[in-house]
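Q: Encoded as structure tokens, here's the structure I'll be asking about.
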Amino acid sequence: MVPGTQGPQTQCWVHGTCSASGCASGACAAVTAEAGPASLVSGLFDRKRPDVIATTYWRAPIIWEGTFNRQALRSHYRQRNLTVGLAVFAAGRTADQYLELFLQSANKHFMAGYRVVFYIMMEDPYGLPDVQPDPLRTFQVLTIEDDSWWHDRDLVRMMTLGEHIISHIQDEVDFLFSMTVEHVFQGDFGVETLGMSVAQLHAWWYFKDTENVPYERRPQSAACIPFGWGDFFYDGEIVGGTPLQVLKLIQDYLKGVTQDAIHGLNSTYESHLNKYFFLHKPSRLLSPEYSWDTAFHPPQQVQTIKVLRLTRRAL
């Protein structure tokens, strides 16, 4: 399988080898409409790096350092008076181990210069580290029940976030990211990452043989992607987009989990996430620079590590 193909009916891959009319289901045209006029998208993401793929076959930018016009993006988004949300799940001992470093680094590097609301999902509302938010930034603690998460942290994380999107987050922010707490921001995580639906490319699997990616293959599972099909393998540690698009992903995931339970199956959150993005193409893809695992030595394509993902210790 070639990365970025949908199986036999679609052979296109990089923008330039396909057209909106030639792609299956008009995917290119649909995502271009999401992102805005083609001239605007081209003006913001017009930089070239021959060593990486910078555009998907459905014309969504893949964000690598050096592939976007930082000044043009900042000028474009300054006019919109944005507020961006960042939800982080810090349950159990992860709050003690990682949360302070996460908040310190995010406070400095995440959407610098823009209004940001940090939504911190944790058990103890009084256990927030002594980190003072910078101007334009606020912290909100979203309390989760003690020990409710231990059997499936991803399920509880998504359920909790979905409930809060419905009750208040959708009215508070223009864009929303969800991350796990085992991340440390190293550099600017800016407006180049914003889009209606944002997916993170998996740091390990991006550079591996795509025929062996760990998609769910059991036909009975709602998360199944058959052999020979698929685009990329996406990392479940980071997702983003507008609040309603993130909610749509969560609802689809919970529906899939329920369907699998009926059939006695238990597919992973990441499998359901990959099925969702296979069916609903993201309008922005973040390169492995935005979630690089400390267990791996970065290849030459990874010129700048924006966010480090720490190896999770036993909880």
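Q: Of all accessible surface on the range 211-315 at a 1.4 Å probe, what whole percent is carbon and sulfur?
A: Details: 2490 of 4550 Å².
The computed percentage sits at 55.
Q: Also, quick follow-up: Kirkwood Rh over alpha-carbon pairs of the range 133-220, then Stokes-Einstein at 37 °C and 0.692 mPa s: what D in µm² s⁻¹, rounded to an integer?
A: Values: Rh = 16.7 Å.
Here the translational diffusion coefficient equals 196 µm²/s.
Q: What number results when the radius of gyration of the range 56-105, computed over Cα atoms, is divided by 2.2 N^0.38 Å? Spell out each step's value before the answer.
A: Details: Rg = 16.7 Å, N = 50, 2.2 N^0.38 = 9.7 Å.
Taking N as the residue count of the range 56-105, the ratio is 1.71.
Q: Hey, which of these cross-link pairs are over 31 Å Cα-Cα: K255/K306; K208/K306; K108/K275; K108/K255?
A: Details: K255/K306 33 Å; K208/K306 21 Å; K108/K275 34 Å; K108/K255 37 Å.
Beyond 31 Å between Cα atoms: K255/K306; K108/K275; K108/K255.
Q: Please report, largest first and rounded to whole Å, the three semi-axes of the ellipsoid equivalent to the range 248-315, where each semi-axis is the square root of five times an eigenvalue of the C-alpha gyration tensor. Spell out each step's value before the answer.
A: On the way: eigenvalues 174, 59, 16 Å².
So the equivalent ellipsoid measures 30, 17, 9 Å along its semi-axes.
Q: Could you tell me what fraction of 2.2 N^0.38 Å the Cα radius of gyration of the range 196-315 comes to, as a two-decimal ratio?
A: On the way: Rg = 14.8 Å, N = 120, 2.2 N^0.38 = 13.6 Å.
That ratio works out to 1.09.
Q: At 0.36 nm per residue, minus the direct Cα-Cα distance, what do F139 and L155 gain on full extension? Give it in nm, one decimal, please. Numbers along the way, then the final one.
A: Numbers: separation 16, 0.36 × 16 = 5.76 nm, distance 2.30 nm.
Going from the current span to full extension adds 3.5 nm.
Q: Taking the Cβ-Cβ separation of K108 and N81 as r and a Förster radius of 30 Å, what is the calculated FRET efficiency to the nearest 0.05? Before the final figure, lay out the partial values.
A: Details: r = 22 Å, r/R0 = 0.73.
Approximately 0.85, to the nearest 0.05.
Q: If you plug each phi of the range 119-125 into the Karplus form 6.51 cos²θ - 1.76 cosθ + 1.60 with θ = phi - 60°, what whole-Hz ³J(HN,Hα) values come out, in order, with x for Gly and Pro?
A: 9, 10, 8, 8, 7, 9, x
Q: Determine the distance separating the Cα centre of the range 118-194 from the Cα centre of the range 245-307; give it in Å without decimals.
A: Rounded to whole Å, the Cα centres lie 17 Å apart.
Q: Same structure again: Extension gain Q303-Y126, at 0.36 nm per residue separation less the Cα-Cα distance, in nm?
A: Details: separation 177, 0.36 × 177 = 63.72 nm, distance 3.93 nm.
The span from Q303 to Y126 would gain 59.8 nm if fully extended.
Q: How long, wide and thick is the range 224-273, going by the Cα atoms along their three principal axes, in whole angstroms, largest first?
A: 32, 26, 16
Q: Using only the alpha carbons, work out the radius of gyration and Dmax of the range 67-206 in angstrom.
A: When restricted to the Cα atoms of the range 67-206, Rg and Dmax are 15.2, 46 Å.
Q: Next up: Okay, which of the range 94-135 sit inside 17 Å, backbone N to the point 7 Å along the Cα-Cβ direction of S167?
A: In the range 94-135, the label zone of S167 (backbone N under 17 Å from the point 7 Å along Cα→Cβ) covers 118-126.
Q: Further question: P(r) of the range 95-141 in 5 Å steps, Cα pairs, percent per bin?
A: For the range 95-141, the binned pair fractions read 5, 22, 36, 23, 11, 3 percent.
The values are calculated or read from the model by the stated rules, or taken from the named source; none is laboratory data. What you are looking at is a predicted structure, and each value in this text was computed from that prediction instead of being measured. Counting neighbours? That spans all protein chains shown, and the Cβs are built from the backbone with ideal geometry, glycine included. Accessible surface areas use protein heavy atoms only, side chains included; no ligands, DNA or RNA. Shrake-Rupley method; radii C 1.70, N 1.55, O 1.52, S 1.80 Å.
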